[in-house]
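The values are calculated or read from the model by the stated rules, or taken from the named source; none is laboratory data. A quick note: this is a predicted structure, and the numbers were derived from the prediction, not measured. Cβ coordinates were reconstructed from backbone atoms using ideal geometry, including for glycine residues, and neighbour counts include every protein chain displayed.
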Amino acid sequence: MDNSNKNAAGSEDASVLESLVKWDKSLSRRLALCSSAESPLGHLRPFMRLLEYSCHGVPWFVGVAALLLMSHQFEMQQKLLNLFSSEYHICI
């Protein structure tokens, strides 16, 4: 393959990559409905933050551990222990 073909293929790859980046930016702009207070759904921003933190692993570990310590039923303890061990394996 000579240099002219390599340059043409490289420029095609670059233009495809540039168009993908432009498409990604425009899609992100349209989907970022809570990105700022002025956004269309900006008033829901605190709830989105709460959702972000609640999906974090630490509250789940703490919650399951607390429920495990407070539970007095064997079946419930077994389910909570299974949940706790599955969370541990996911995080590893």
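Every residue, every condition in (1) over 17 Å from the mean Cα position of the chain (by Cα); (2) surrounded by fewer than 10 Cβ atoms within 10 Å (Cβ to Cβ); (3) acidic (D, E), yes or no:
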| site | (1), (2), (3) |
| --- | --- |
| L33 | no, no, no |
| C55 | no, yes, no |
| G63 | yes, no, no |
| S71 | yes, no, no |
| L81 | yes, no, no |
Could you list, in sequence order, all residues of the stretch 1-29 that are modelled with pLDDT under 75 and either under 30 Å from F84 (Cβ atoms) or charged (D, E, K, R) (or both)?
D2, K6, E12, D13
For L44, all conditions in the list (1) surrounded by 11 or more Cβ atoms within 10 Å (Cβ to Cβ); (2) assigned to a loop (DSSP other than H, G, I, E, B) hold save one; what is the number of the exception?
(2)
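Table: residues versus (1) out of contact with any Gly (no Cβ under 8 Å at 6 or more places or on another chain); (2) of a type in the set (K, R); (3) at positive phi.
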| site | (1), (2), (3) |
| --- | --- |
| E18 | yes, no, no |
| W23 | yes, no, no |
| S36 | no, no, no |
| L41 | yes, no, no |
| L50 | yes, no, no |
| M70 | yes, no, no |
| E75 | yes, no, no |
| K79 | yes, yes, no |
| F84 | yes, no, no |
